[in-house]
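Report on the structure given below.
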Amino acid sequence: MISLRGRMIRFMSKQFFKRIRPDSDIHKLRTEFEAIGTKMRPAEGVQVRHTKIAGIECDWLVPEGCDGAPILYYLHGGAYMMGSPKTHRRMVSHIIKRAGMRALLPDYRLAPENPFPASLEDSTRVYRALIEAGTDSSTMAFGGDSAGGNLAMATLLALRDAGDPLPATCFLLSPWLDLAAQGESHESRAEHDPWFRAADMPEIVMKFCSEFDVKNPLVSPVYADASDLPPMLIQVGDHEILLSDSTRLADNIAKAGGEVTLQVWPDMWHVFQFFIGQMPESKKAIKGIAEYLQKRFGAQEVVQQPQEDQAA
């Protein structure tokens, strides 16, 4: 059963997301989302370091003592139209602090100004720059939520097909993987989803790609060959219309002989992990992600005295 705090967060977040419609002022929505991100500061002791890699603005999130730790390459969500490293600092910082890792978040280009494949070009460019600079791919994990989960998968597919070295593992949070919206949960979860309406999705998709691209595996990874991918963790809520995207990907990976862990969270909605520090379900989910990463890399949770966040 959902917690009392969870019920409150569900109601309040619904008030924001019910205003997100295909004809919404995207610039206003971006500003509001960024304002939320500004208020949600990183976890205690996690530094924010701004940098530019391959010409793309990025943020490093580094817990105390983790300068040489394994890297989480995290791609933020936001329907490919909003969001930034700033909006996702809090959630990601809690993951890496528990996991004993550092994170890199690229500020990839957004639609509709920069439709597909701009975001994919940016994500692959930054990753390849890290590898060319000497980073060992076996010390890296990919992560992403919603559209960022799509981008993480698309980046893996593009790298695999090009023969690039792949990261050791990947986790996806409520990934948006089928832009053609063919999953059964678009109907079966329509009454339960507090954020999205299935009827709005096609017009939102058209801001990112053309109708001819929706089943391109790099646009909708659920249609891709799922072989030769790194081990994967997928967390998704039972009350979201994108549930089928996760279950279908998990099935595809398993059928291809890959390693996948699928966690369907009862009564939860899209990217509920975002509300870390506000509801117990988010804390439990992030703890699970961190433990998954710890097992992959042998890292340990960072524990230190509270200190002021720093930016460089």
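Would you check which residues across the stretch 105-125 are crowded, with 24+ Cβ neighbours inside 10 Å and either without any contact (Cβ under 8 Å) to a residue 24 or more places away in the chain or touching a Cys at 6+ places or on another chain (Cβ under 8 Å) (or both) and list them?
Once the filter is applied, which keeps residues that are crowded, with 24+ Cβ neighbours inside 10 Å and either without any contact (Cβ under 8 Å) to a residue 24 or more places away in the chain or touching a Cys at 6+ places or on another chain (Cβ under 8 Å) (or both), the stretch 105-125 yields Leu105, Pro106.
Since Ala198 meets every condition but one in (1) in contact with a His (Cβ under 7 Å, 6 or more places away or on another chain); (2) modelled with pLDDT of 95 or more, which condition does it not meet?
It is condition (2) that Ala198 fails.
Which pairs turn up if I take residues in the stretch 201-217 that are closer than 15 Å to Pro112 by Cβ and look for partners that are surrounded by 14 or more Cβ atoms within 10 Å (Cβ to Cβ) and among the β-branched types (Val, Ile, Thr) with beta carbon separation below 6 Å, at least 6 apart in sequence or on another chain?
Between residues of the stretch 201-217 that are closer than 15 Å to Pro112 by Cβ and residues that are surrounded by 14 or more Cβ atoms within 10 Å (Cβ to Cβ) and among the β-branched types (Val, Ile, Thr), the close pairs are Cys209/Val219; Asp213/Val219.
Here are Tyr74, Tyr127, Tyr80, Tyr108: which of them is among the aromatic types (Phe, Trp, Tyr) and part of a strand (DSSP E or B)?
Just one listed residue meets the conditions, Tyr74.
Have a look at Thr31, Thr38 and point out the one that is in contact with a helix residue (DSSP H, G or I) (Cβ under 7 Å, 6 or more places away or on another chain), farther than 18 Å from Leu172 by Cα and of a type in the set (S, T, N, Q).
Sole residue among the options that is in contact with a helix residue (DSSP H, G or I) (Cβ under 7 Å, 6 or more places away or on another chain), farther than 18 Å from Leu172 by Cα and of a type in the set (S, T, N, Q): Thr38.
Quick check, is Leu179 among the aliphatic types (A, V, I, L, M), over 26 Å from Cys66 (Cα atoms) and in contact (Cβ under 8 Å) with a residue 24 or more places away in the chain?
Against the criterion (among the aliphatic types (A, V, I, L, M), over 26 Å from Cys66 (Cα atoms) and in contact (Cβ under 8 Å) with a residue 24 or more places away in the chain), Leu179 qualifies.
For Ser24, which of the numbered conditions (1) of a type outside the set (D, E, K, R); (2) in a helix (DSSP H, G or I); (3) modelled with pLDDT under 95 fails to hold?
Going through (1) of a type outside the set (D, E, K, R); (2) in a helix (DSSP H, G or I); (3) modelled with pLDDT under 95 one by one, Ser24 breaks only (2).
What number of residues within the stretch 75-123 are in contact with a strand residue (DSSP E or B) (Cβ under 9 Å, 6 or more places away or on another chain) and among the aromatic types (Phe, Trp, Tyr)?
So the answer is 1.
With surrounded by fewer than 21 Cβ atoms within 10 Å (Cβ to Cβ), touching a residue at least 60 places away in the same chain (Cβ under 8 Å) and not aliphatic (A, V, I, L, M) as the only criterion, which of Glu32, Glu44 stands out?
Glu44
The values are calculated or read from the model by the stated rules, or taken from the named source; none is laboratory data. Not measured: the values here are computed from a predicted model. Because the Cβ atoms are built from the backbone with ideal geometry, glycine has one as well, and the counts that use them run over all protein chains shown.
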